[in-house]
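Step one of this worksheet: look at the structure below.
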Amino acid sequence: MAIFLFTDFGGSDIYAGQVRAALLQYAPRQPVVDLLHDATAFNIRAAAHLLAALFNRLPSRSVTFAVVDPGVGGPREPVAAHADGKWLVGPDNGLLSVAASRARKFKPYAIGWRPKELSGSFHGRDLFAPVAAMLARGARKTARLRRSGLAVRFGPGELREVIYVDHYGNVITGLRAGSLAPKCILRAGGREIPHARVFSEAPQGGLFWYENSIGLVEIAANSASAQRALGIAVGDPIG
Amino acid sequence: MAIFLFTDFGGSDIYAGQVRAALLQYAPRQPVVDLLHDATAFNIRAAAHLLAALFNRLPSRSVTFAVVDPGVGGPREPVAAHADGKWLVGPDNGLLSVAASRARKFKPYAIGWRPKELSGSFHGRDLFAPVAAMLARGARKTARLRRSGLAVRFGPGELREVIYVDHYGNVITGLRAGSLAPKCILRAGGREIPHARVFSEAPQGGLFWYENSIGLVEIAANSASAQRALGIAVGDPIG
Amino acid sequence: MAIFLFTDFGGSDIYAGQVRAALLQYAPRQPVVDLLHDATAFNIRAAAHLLAALFNRLPSRSVTFAVVDPGVGGPREPVAAHADGKWLVGPDNGLLSVAASRARKFKPYAIGWRPKELSGSFHGRDLFAPVAAMLARGARKTARLRRSGLAVRFGPGELREVIYVDHYGNVITGLRAGSLAPKCILRAGGREIPHARVFSEAPQGGLFWYENSIGLVEIAANSASAQRALGIAVGDPIG
């Protein structure tokens, strides 16, 4: 089955390639897709909400390797979760918990498998990649999973914060569009933001919010950067 | 057949991975190559000239997914084109038109296929990726193509502007090298730029122009950034 | 066999995709992994040390395409090397020499094959990619290798300099951790840097050094950028 990668390893850095090399070794025939390597490094809650929105659209019978792991090398445990027919693998620091708690069926597992050599700083390569590969190959016994719980749970609710800013300057929030009144006014960066259905409905450069392609409330500006217009960043509140 | 991706989705953002996931679903056995995800987002004409130069070198029997689409969700139509044995798929906003009009044989098609769910802002994932996958698999009937024309055509001629700046700071223009007198002097950013054949022929840090590896006139500086030396950007004129 | 890419082509630029397209043409069935496309463009020695550390962990029976090549188009020759069961292919400018001289068994070869068209500025696409593909397919005769030597050799020793700064701001040096006394104090950017085993052992924001996941001495700060704290860059000395 396909393996999807969601990390803060950086799309242009030395880490994703090493994960790819490990996946190739443990699951040479499974396709691998880089979903995102630029999740916010030090905001696990924001990353968890973005992951949940992306994970929701992934095909069943897939494995998502999700690693935003500032506590690597510390006491947090590795965890796998089976959610609506799809696997999630990553650190038990809350990252998987929003996707997991929104699933209709959800089973978390502790991971018993350990590599011969485990670096202190790169469990993505040494532990999570081999386990994701095992699950993608259907070799669940090799991963030595046992039923467990999640240690950190952010819950399934909305996050009224900026969770991601894309390279166009669009500001993605942790609010699902279905949670808002259809044409309400949002408040962000001291401004009032009206609704528009699509970019081409808004005036050139004008700020608006809309339901983006992964179901979240996004603040955008037609042919301009909403992030620059508002001066806000990941973690800032949305009113 | 292989699928090549040319977009403004950003190489480190959440969009290319979702396109990859859609391609995997609709054409699981076709290889996919990221040609460029950082075409200039709001300059379709510049992107069209860069695409034409890259497309010219791609192997026949391939599909190029080309999406720079600021008007997504508005009235522009999706289009496919068969050019010298290779498919192009993308928005009918001029992006494909330079590559198309330089082809010896060229046939444009309207796309009749529509997905069950079409987001307002991400036709790359919802419409162009499935159609590119269908063409790569040879399932042209499924895509429901019918002969048509291009609504926006930039024509086959040269563009005397900066169309792309690479990460070394090399300044790529929309001029094909064959269109200039072999050793003429170029004017850009208020400077006169002599010709050199290769980087190692130019003095350390010195500005020069040469025919780059995709046949375009490029202004470079040996071991330095021409872009910084000239202070110019995409869209600026070349004299 | 798998092909690993190590270059300064930029992860978000037009070059890596063209290399991928060439590899697909010459070796359609071999998996390709992007190890790094952001090696420091104008510091071959730093790139050579980073390559050596990454190469050391790659699986045997693989080909590493290594291109940091500011002298492209000049007199430097292309070279291939067989090091401990793995191939390296790239310019003979020192880039391969650290990895090569640390191998137990090492044989360098001149490359006799030339493409019909060789651009002056992109031997990565035109020459090194086809040759890497030939070696990955086992078509060594086609590449026309003959035993030779390396023209530029940096030697197997340590480099007491910054060789790479990752996107978290971690500062990677050319010192292998085994070359230092286990808990010594390092000097960098006018500061004294103590040792810690893992990130979670260090105080929040505090600078420390540790053995990173590729065996090198790395200066980091828990949940902060060591690079910003020290104000240092690739090439700066480590004491």
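The values are calculated or read from the model by the stated rules, or taken from the named source; none is laboratory data. The structure displayed is predicted, hence computed values, not measured ones. When we count neighbours, we look across all protein chains shown, and the Cβ atoms used for this are built from the backbone with ideal geometry, even at glycine. Side chains are part of the model used for accessible areas, which takes the heavy atoms of the whole protein and leaves out ligands, DNA and RNA. Shrake-Rupley method; radii C 1.70, N 1.55, O 1.52, S 1.80 Å.
How much of residue A:121 can a 1.4 Å solvent probe reach, expressed as accessible area in Å² and rounded to 10?
The value for residue A:121 is about 30 Å².
Report the normalised scattering of chain B as log10 I(q)/I(0) at q = 0.10, 0.12, 0.13, 0.15 Å⁻¹, calculated by the Debye formula with identical scatterers on the alpha carbons.
Cα-only, vacuum Debye calculation for chain B: -0.48, -0.67, -0.77, -0.97.
If I compute solvent accessible area with a 1.4 Å probe over the protein chains, what percent of it on the protein assembly as shown is carbon and sulfur?
Details: 13340 of 27970 Å².
Answer for the protein assembly as shown is 48 percent, counting heavy atoms of protein chains only.
Ordered by residue, what ³J(HN,Hα) values in Hz, to whole numbers, does the range B:130-142 give under the Karplus form 6.51 cos²θ - 1.76 cosθ + 1.60, where θ = phi - 60° and Gly and Pro are x?
x, 5, 4, 5, 4, 5, 5, 7, x, 8, 5, 4, 4
Give me the distance in nm between label points sitting 7 Å out from Cα along the Cα-to-Cβ direction at residue A:228 and residue C:57, one decimal.
With each label point 7 Å from Cα toward Cβ, the separation is 3.8 nm.
Rounded to the nearest 20 Debye, what is the dipole magnitude of the protein assembly as shown about its Cα centre when Lys and Arg each give +1 and Asp and Glu each give -1 at the C-beta?
Values: 84 positive and 54 negative charges, 643 e Å.
Dipole of the protein assembly as shown, to the nearest 20 debye: 3080 debye.
Quick one: buried accessible area between B and A, total over both chains, 1.4 angstrom probe, nearest 100 Å²? Don't skip to the end; give the middle numbers.
Working: alone 11260 and 11240 Å², together 20560 Å².
Roughly 1900 Å² of accessible surface disappears when B and A pair.
Which distances in nm, rounded to one decimal and ordered from shortest, link the label point of residue A:56 to the equivalent label points in the other identical copies, with labels set 7 Å from Cα toward Cβ?
Here residue A:56 shows inter-copy label distances of 4.6, 4.6 nm.
With just the Cα atoms defining each centre, how far is the range B:72-120 from the range A:205-239? Give it in Å.
A separation of 29 Å, based on Cα centres.
Work out the length of the dipole vector of chain C about its Cα centre, built from +1 on the beta-carbon of each Lys and Arg and -1 on the beta-carbon of each Asp and Glu, and round it to the nearest 20 debye.
Numbers: 28 positive and 18 negative charges, 250 e Å.
With Lys and Arg at +1 and Asp and Glu at -1, about 1200 debye.
Suppose only helical runs count, i.e. DSSP H with n ≥ 4. What mean residue ellipticity at 222 nm does that imply for the protein assembly as shown under -39500 (n - 2.57) per run, divided by all residues and rounded to the nearest 500 deg cm²/dmol?
On the way: 17 runs with 137 residues, N = 717.
The per-residue figure over the protein assembly as shown is -5000 deg cm²/dmol.
If you take every DSSP beta bridge fully contained in the protein assembly as shown, what fraction is antiparallel? Give it as a percent rounded to 5.
Numbers: 93 of 138 bridges.
Approximately 65 percent, going by the DSSP bridge assignments.
Report, for residue B:104, each distance to the same residue's label point in the other copies, shortest first and in nm; define the point 7 Å along Cα→Cβ.
Output for residue B:104: 5.6, 5.6 nm, nearest copy listed first.
Under a 5 Å amide H to amide H cut-off, with H placed in plane at 1.01 Å, what residues pair with residue C:4 once short-range neighbours are removed?
C:33, C:63, C:64, C:65
Counting heavy atoms of the protein chains only and a 1.4 Å probe, report the per residue accessible area for the range A:1-131 as a whole number of Å².
32 Å²
Which distance in nm do the two modelled labels at residue B:84 and residue C:84 give, with both placed 7 Å along the Cα-to-Cβ direction?
4.6 nm
Output needed: percent of Cα pairs per 10 Å distance bin for the range C:1-73, bins running from 0 to the one holding the longest distance.
19, 50, 29, 1
Peptide A:26-36: average number of partner chain Cβ atoms within 10 Å per residue? Show your work: numbers first, answer last.
Values: counts 0, 0, 2, 1, 0, 7, 4, 10, 7, 6, 7.
Other-chain Cβ atoms within 10 Å of each residue's Cβ, averaged: 4.
Would you mind getting me the FRET efficiency between residue B:180 and residue C:183? Use the beta-carbon distance for r and R0 = 56 Å, nearest 0.05. Provide the component values of the computation, followed by the final result.
Values: r = 63 Å, r/R0 = 1.12.
The pair residue B:180/residue C:183 has a calculated efficiency of 0.35.
With a Cα-only, solvent-free Debye model of the range B:143-239, what are the log10 I(q)/I(0) values at q = 0.14, 0.16 Å⁻¹?
Reported log10 I(q)/I(0), two decimals: -0.51, -0.62.
Taking the label point 7 Å from Cα in the Cβ direction, how far apart in nm is residue C:157 from each other copy of itself, listed shortest first?
Ordered by increasing distance: 6.2, 6.2 nm.
Consider a paramagnetic label point 7 Å from the Cα of residue A:107 along Cα→Cβ; state which residues of the range A:124-163 have an amide N under 17 Å from it.
Backbone N within reach: A:135-150.
Between 0 and 90 degrees, rounded to the nearest ten: what's the tilt of helix C:15-26 against the longest Cα principal axis of chain C?
Taking the Cα atoms of chain C, the angle to C:15-26 is about 40 degrees.
Quick one: among C:171, C:162, C:152, which has the greatest mean-square fluctuation in a GNM of chain C with alpha-carbon springs under 10 angstrom?
C:152
In degrees from 0 to 90, rounded to the nearest 10, what is the angle of the helix A:44-55 Cα long axis to the longest principal axis of chain A?
90 degrees
For the protein assembly as shown, max minus min Cα coordinate along each principal axis, in Å, sorted largest first?
The principal-axis extents, from largest down, are 68, 68, 47 Å.
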